[in-house]
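Working notes for the structure below.
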Amino acid sequence: MEKTLHINSLEEYTKQFFDVLISYSPKLISAFIILFVGIYVIRFINRLVKKLMVQRELDPTLSKFLADILNWVLRILLFVTFISKLGIETSSFVAILGAAGLAVGLSLQGSLSNFAGGMLIILFKPFRVGDTIEAQGVIGTVTEIQIFVTKLTSANNQTIFIPNGILSNGIITNFSVAGMRRVDLVFSLSYETNIKEAKEVVLEVMRSHSKVLKNPEPIVVVKDLSDSAIHLAIRPWSKNEDFGEVSSDILENCKAAFDKKGIIIQPFVRENSK
C-alpha cells in the first residue's frame with residue numbers, strides 16, 4: 001500500500017514538473033535567445049564604437065575608458081532584461097543593487113576620489129602620455145594614465161605611481177606643452193671680475209652650442225651683488241629632450257672659458273653667526 005502511494009506521488013510530482021517546464025519553456029527559450037543575441041550585439045557595438053573613436057582620433061586612454069564604461073552598462077542592461085524575461089521581479093533586484101552600490105561606495109571613498117580624478121585628467125588633459133611633468137614633489141615622464149593612478153618614469157628609471165585624486169587636485173607643472181624649456185644657471189664670480197667681459201664669454205659659450213635655441217635668444221644678466229660675489233644668471237633655451245645635455249654642457253664650457261680668460265669663480269662663503 002505504502003509502495004503504491006509512493007509511486008503515485010512520484011508520478012504526480014514528475015507530471016507537475018513537466019507541466020511547469022512545458023509552460024515555462026517559452027519564457028526560458030526567449031530569455032536565452034535574448035541573452036545570446038545581446039552578447040553578440042554588445043560585442044558588435046563595442047567594436048563599432050572603438051572604430052569610430054579611432055577614426056576621430058580621440059585620446060587612446062579616453063577611448064579605452066569610454067569603451068569599458070559602455071561595455072559594462074550594456075552588460076548590466078542585458079542582465080536585467082534577461083532576468084525580467086525569466087519572470088523574476090526586477091524592482092527588488094534593482095533596490096538590492098542600489099543598496100550594495102551605496103555600501104561599496106562608502107567603503108571605497110578613496111578609490112572613488114581617484115576614479116573621479118582620473119576622469120578629470122582624461123577629460124581636461126592637463127598632460128598626456130609622453131609629457132614630462134612635476135607633481136607631488138616628483139618629476140617624471142608620463143608613461144600611462146590609468147583610471148585610478150598615473151604612472152611616471154623618473155630620469156633614473158624609477159617607476160612612480162601617483163593616485164589620480166591628489167594629482168588632479170594639486171599643482172601640476174607640465175614641461176612638454178611649450179616644446180622647449182629655459183635652463184636657469186647661476187655663476188658666482190669674484191668682485192675683481194670685469195662684468196662685461198664675463199657676460200660676453202658666457203654669451204659666446206651659449207651661442208656656440210648647437211642645441212641652444214637662437215629664438216628665444218639666450219641671455220645673461222647680473223642677478224645679485226652679494227657681500228662675497230657677483231651672481232650671473234645664465235638663461236639659454238633648449239628643446240625639452242635636450243634640457244639635461246644643455247644644462248651640463250653650459251656649466252662645463254663656461255668653467256673652461258672662465259679659466260681660459262682668468263675669470264675667478266668665487267667659492268661659497270658661509271657667514272659666521274655671532
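The values are calculated or read from the model by the stated rules, or taken from the named source; none is laboratory data. All values reported here derive from a predicted model rather than from experimental measurement. Here Cβ is always computed from backbone atoms with ideal geometry, including for glycine, and neighbour counts include all displayed protein chains.
Tabulated data for the structure shown
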| read-out | value |
| --- | --- |
| Residue in segment 226-249 that is free of Cβ contacts under 8 Å to residues at least 12 places away in the same chain and either buried (at least 19 other Cβ atoms within 10 Å of the Cβ) or closer than 12 Å to F187 by Cα (or both) present | no |
| Test result for P216, in contact with a Lys or Arg (Cβ under 9 Å, 6 or more places away or on another chain), within 24 Å of N253 (Cβ to Cβ) and either without any contact (Cβ under 8 Å) to a residue 40 or more places away in the chain or exposed (fewer than 15 other Cβ atoms within 10 Å of the Cβ) (or both) | yes |
| Considering residues of segment 145-204 that are small (G, A, S) and free of Cβ contacts under 8 Å to residues at least 60 places away in the same chain only, the residue surrounded by the fewest Cβ atoms within 10 Å (Cβ to Cβ) | A178 |
| Unmet criterion (only one of (1) touching a residue at least 40 places away in the same chain (Cβ under 8 Å); (2) exposed (fewer than 13 other Cβ atoms within 10 Å of the Cβ)) for K260 | (1) |
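One line per residue, one yes/no per condition, for (1) more than 30 Å from I121 (Cβ to Cβ); (2) outside any helix (DSSP H, G or I); (3) modelled with pLDDT of 70 or more; (4) of a type in the set (V, I, T):
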site: I22; (1), (2), (3), (4): yes, no, no, yes
site: F32; (1), (2), (3), (4): yes, no, yes, no
site: L35; (1), (2), (3), (4): yes, no, yes, no
site: N46; (1), (2), (3), (4): no, no, yes, no
site: V49; (1), (2), (3), (4): no, no, yes, yes
site: M53; (1), (2), (3), (4): no, no, yes, no
